[in-house]
1. Being under 20 Å from residue B:233 (Cα atoms) and either of a type in the set (Asp, Glu) or away from chain A (no Cβ under 14 Å) (or both) is the filter here; which residues of the stretch B:165-188 pass it?
2. Taking the condition within 14 Å of chain A (Cβ to nearest Cβ) and more than 15 Å from the ligand (Cβ to nearest atom), does residue B:439 pass?
3. Which residues, taken from the stretch B:447-473, are farther than 16 Å from residue B:343 by Cβ and not in a helix (DSSP H, G or I)?
4. Hey, residue A:213 hits all of (1) more than 29 Å from residue A:156 (Cβ to Cβ); (2) open to solvent by 20 Å² or more (accessible area, probe 1.4 Å); (3) modelled with pLDDT of 95 or more but one; which does it fall short on?
5. Looking at this structure, is residue A:66 charged (D, E, K, R) and more than 11 Å from chain B (Cβ to nearest Cβ)?
6. Please state which of the following conditions residue B:2 fails to meet, knowing it meets all the rest: (1) under 25 Å from the mean Cα position of the chain (by Cα); (2) under 19 Å from residue B:206 (Cα atoms).
7. So if I check each of B:468, B:423, which one is touching a strand residue (DSSP E or B) at 6+ places or on another chain (Cβ under 7 Å) and either within 14 Å of another protein chain (Cβ to nearest Cβ) or not polar (S, T, N, Q) (or both)?
8. Within the stretch B:17-59, work out how many residues are at positive phi and either crowded, with 23+ Cβ neighbours inside 10 Å or touching a strand residue (DSSP E or B) at 6+ places or on another chain (Cβ under 7 Å) (or both).
Amino acid sequence: MQAFTILTGLVAPLERDNVDTDMIIPKQFLKSIKRSGFGPNLFDELRYLDEGQPDQDCSQRPLNPDFILNQPCYQGASILLAGRNFGCGSSREHAPWALLDYGFRCIIAPSFADIFYNNCFKNGILPITLSETEVEALFHAENAANEGLKLTVDLQQQVITLPDGQQFSFNIDEFRRNCLLQGLDEIGLTLQQADEIKAFEARHQQQFPWLFAAH
Amino acid sequence: MAGRTLYDKLWDSHVVSARDDGSALLYIDRHLLHEVTSPQAFEGLRLAQRKPWRLDTNLATPDHNVPTTTKERAHGIDGIADPISQIQVKTLDDNCQYFGINEFAMKDQRQGIVHVVGPEQGATLPGMTVVCGDSHTSTHGAFAALAHGIGTSEVEHVLATQCLVTKKMKNMLVRVEGALPHGVTAKDVVLAIIGQIGTAGGTGYAIEFAGEGIRSLSMEGRMTVCNMAIEAGARAGMIAVDETTIDYLQGRPFAPQGEHWQQAVTYWRTLVSDPDAEFDEVITLQSADIQPQVTWGTSPEMVAPVTSQVPDPKQEADPTRREGISRALHYMGLTPGMAISDIKLDRVFIGSCTNARIEDLRAAAAVVKGKHVAATIKQALVVPGSGLVKAQAEQEGLHQIFISAGMEWREPGCSMCLAMNADKLGAGEHCASTSNRNFEGRQGFGGRTHLVSPAMAAAAAIAGHFVDIRQWQ
Ligand code: SF4
């Protein structure tokens, strides 16, 4: 997993609530058995005017000119500014895979759906929860910026800095923050506790033998 | 010390080690797998040369991509017309064989939607932690299990370590007081709950459903309620153990037997919240206030009683919400203020992990018996949740009732719930669906989904528009 330390990047604003994972990556692309290659189909139904098919060359498809990511000023955006309850719905990890493959490393919203929030950390994406007022302020700042808004996100310090020096602080669990800062493989980390797991398992079996009976 | 909630008990009995930040390594008793969210996890295991920690806790079945027509199904995996789906289903088979995981493959009569199959087999038991790379894993909480969806990286983590790194959620109690009125089903109850607390209302919580309105439900109905906990934002929903739970489990293939059965039942009876347990949030609904529900928008919280009207965005004060309602009505092709019962349907889908168990099919069959689907309905699909549900329904003659009514009787799978296979809506088509999500494009590009109970879907198929099932004759 790619580590996340400091990111300075362009913001793409997606001002709507309840953006679900079906919207982030529609189901027909879930047939892939790979982890990569989902970027061109990120927000497929919002981004293109036709219905997307897996394994299709997206460069030939009609774009929806109104959609934010199709506007020239947002090309190369790596920070997504979003509305309430971002990432709700299906648990598909294809959603963070698609965001990452497209180039997003950080998502800022007033709230996230639990499973999506969790999935982000497994993939080197930093989801930041700010208050409604702060997110609104960022939407305003974005709106006011002519050349597009660039933010600096510092995970070590847990602070977002605007070009004018204004700062917003955020909070990430220490464990998750460390994993992300160092790009750690979580399975390897857990397996360091293999003895503890085995000891638990033995006690568990004693207490609940039916969970270990062959059927 | 204050008493513990059911969720507290389930959590406490599975913590391998706790971290200072509130997260913990949680031991997993049952891991369910399907073809869509597992290939990348298995690939990860292979690349790291890791093996599953404990094979016997894993159970796999393909469901999302499998075709549901008898013709396509006759030739097993080779018969899947869509080559990309075929590869995915084949990959599950290959991975299960390679790693030695128990799979109910496509031709096995026990195959079906993973959340129908687990409970039906007795593979979901009270007191267990159950996970699956699918958000509707919350279904299994109906058995007083701690059950929730996980992402693919976590699927790999559980395979490799039998544990999940997770954080404890907060406790929410949703009480449904009083007996349910005639014609009001589990689906209406859960839609009404979501309508009240919203799709983010349960975010960060594990919800326990309680009260007479819940207690009186069968296990099938309880699964319907817990299934949609995730639509209220809660990863996990659960219901305490009682006689209904225990009766359901007895004799199921994976359920404990003999001496173990007695031992298990004694333990299971403790899986209820203590009387003095404290919840972070308590929501109460009166059963008598709940009417048959229909969703009119593109989020499950956009729901209303069948007797009411589609809302008017002008009456919403919050600008983002107003915009949300307008956008939804535009997508759904509905006029503000129109009667829900005036919504005309093009297709009907009776199926999915929410409502494709035997009781759901019985309820639908009772409504359509001796009647015929309206001429304006292009298709009415009935898709049983598993091969065993299908067999049971056929033994009861339900399939004949559906077929005589002009409905299609299909093979088990997720089907038009998410339209990954050939079963889907055309752009602009309205569908009365017993599934759990009405998101834009969920049932097909441009498709318009209305979530309802099986009886309401069946009645809509006959009438061609929504009708109040309480008036049905
Ligand atoms: S039936 Fe629908 S909701 Fe249930 S597992 Fe299948 S796709 Fe998901």
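1. Matches in the stretch B:165-188: B:171, B:173, B:174, B:175, B:176, B:186, B:187, B:188.
2. On the way: within 14 Å of chain A (Cβ to nearest Cβ): yes; more than 15 Å from the ligand (Cβ to nearest atom): no.
No; evaluated as a whole, the condition is false for this residue.
3. Residues satisfying the conditions are B:472, B:473.
4. So residue A:213 meets the others, but not (3).
5. Numbers: charged (D, E, K, R): yes; more than 11 Å from chain B (Cβ to nearest Cβ): yes.
Spelling it out, residue A:66 is indeed charged (D, E, K, R) and more than 11 Å from chain B (Cβ to nearest Cβ).
6. Single failed check for residue B:2: (1).
7. Numbers: B:468 fails: touching a strand residue (DSSP E or B) at 6+ places or on another chain (Cβ under 7 Å).
Exactly one of B:468, B:423 is touching a strand residue (DSSP E or B) at 6+ places or on another chain (Cβ under 7 Å) and either within 14 Å of another protein chain (Cβ to nearest Cβ) or not polar (S, T, N, Q) (or both), namely B:423.
8. Taking the stretch B:17-59 as the starting set, the residues that turn out to be at positive phi are B:22, B:49.
Restricting the remaining residues to those that are either crowded, with 23+ Cβ neighbours inside 10 Å or touching a strand residue (DSSP E or B) at 6+ places or on another chain (Cβ under 7 Å) (or both) gives B:22.
The total comes to 1.
The values are calculated or read from the model by the stated rules, or taken from the named source; none is laboratory data. Keep in mind the model is a prediction, meaning the values are calculated, not measured. For neighbour counting, all protein chains shown are included, and Cβ atoms are generated from backbone atoms with ideal geometry for every residue, glycine included. Accessible surface is based on the protein model in full, side chains and every heavy atom, while ligands, DNA and RNA are left aside. Shrake-Rupley method; radii C 1.70, N 1.55, O 1.52, S 1.80 Å.
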